[in-house]
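Some notes on the structure that comes next.
The values are calculated or read from the model by the stated rules, or taken from the named source; none is laboratory data. What you see is a predicted model, and the numbers here were worked out from it, not measured in a lab. For neighbour counting, all protein chains shown are included, and Cβ atoms are generated from backbone atoms with ideal geometry for every residue, glycine included.
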Amino acid sequence: MRLRAEYSVGPDLKFLANLDMMHLMERTLRRAGIPYLLSEGFNPHIRLSMGTILPVGVWGQKEYFDLELNPMSMVDFMTAMNKALPPDMLIRHCCEILPVAPSLMKVVNAADYIFMMKATGLDLQNIVAKILKQEKLMVQSKGKNKLAQKDLRPGIFEIKVESQGEMEIIMVRVSVNEPLNVRFDEILDVFEQVGIDNKYMLDFWRRGNYIKKGENYYSPLEKV
């Protein structure tokens with residue numbers, strides 16, 4: 001069988017690199033006694049496929065992985081995994097998916113990043129409106145081609161601002177993976193361009209990953 005799991009990674013683990021996260025999950029599967037399946041060949045590995053890479057320094061509320069394993073109940077899987085995972089990680093939901101379902105990296109194409117900051121005294125609503133009116137939002141790429149200029153505007157779907165006491169929250173919904181991957185640190189560069197200094201930032205995290213179909217957004221657990 002093949003399952004898809006939704007899990008959270010708390011702030012204490014936000015500096016784990018992608019390879020470290022993969023190794024952590026593999027060790028947890030072994031400790032939990034999960035009947036996972038192995039690949040064939042001279043160097044067999046667990047048939048585990050992680051979703052969109054969580055950037056180093058960013059924690060995540062709704063991350064995903066796919067796993068091939070021998071049949072077991074979803075309840076037993078979650079119970080065993082949550083006993084074996086470190087304290088700042090939790091399997092939140094899981095479901096069985098078809099063996100032929102496309103991988104997470106092929107279908108996840110949108111994500112929400114949350115930026116929490118202390119009160120700035122700036123008119124954030126007006127600043128956000130100006131960002132969304134721009135035809136282009138050029139930044140220096142933070143990806144593989146760091147010398148390239150990158151236009152983020154086609155990949156910024158939505159920005160919302162909310163005040164919470166002495167803090168302000170900016171939610172940015174963006175394109176991820178192909179054809180345009182908008183990174184959280186590139187969003188910070190856009191903020192700098194419009195006068196939102198990084199010194200105001202208290203925390204940032206990825207709230208969710210989605211499958212965007214037209215104007216609709218689905219959880220990877222819903223649209224498989």
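Data for the structure
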| quantity | calculated |
| --- | --- |
| Residue pairs meeting the criteria (Cβ under 9 Å; at least 6 apart or on separate chains; first free of Cβ contacts under 8 Å to residues at least 12 places away in the same chain and buried (at least 21 other Cβ atoms within 10 Å of the Cβ), in the stretch 1-15; second part of a strand (DSSP E or B) and of a type in the set (Phe, Trp, Tyr)) | none |
| Those residues of the stretch 137-166 which are farther than 20 Å from MET117 by Cα, without any contact (Cβ under 8 Å) to a residue 24 or more places away in the chain and not in a loop (DSSP other than H, G, I, E, B), in sequence order | MET138, GLN149, ASP151, ARG153 |
| Any hit, the stretch 81-89, residues being of a type in the set (A, V, I, L, M, F, W, C), modelled with pLDDT of 95 or more, surrounded by 15 or more Cβ atoms within 10 Å (Cβ to Cβ) and assigned to a helix (DSSP H, G or I) | yes |
| Residues satisfying the stated conditions in the stretch 167-196, i.e. in contact with a Ser or Thr (Cβ under 8 Å, 6 or more places away or on another chain) and not in a strand (DSSP E or B) | VAL176, ASN177, ASN181, VAL182, GLU186, ILE196 |
| Residue tally, condition more than 15 Å from the chain's Cα centre (by Cα) and either part of a helix (DSSP H, G or I) or among the hydroxyl-bearing types (Ser, Thr, Tyr) (or both), over the stretch 104-136 | 11 |
| Test: residue in the stretch 23-43 that is part of a strand (DSSP E or B) and either touching a residue at least 24 places away in the same chain (Cβ under 8 Å) or surrounded by 15 or more Cβ atoms within 10 Å (Cβ to Cβ) (or both) | yes |
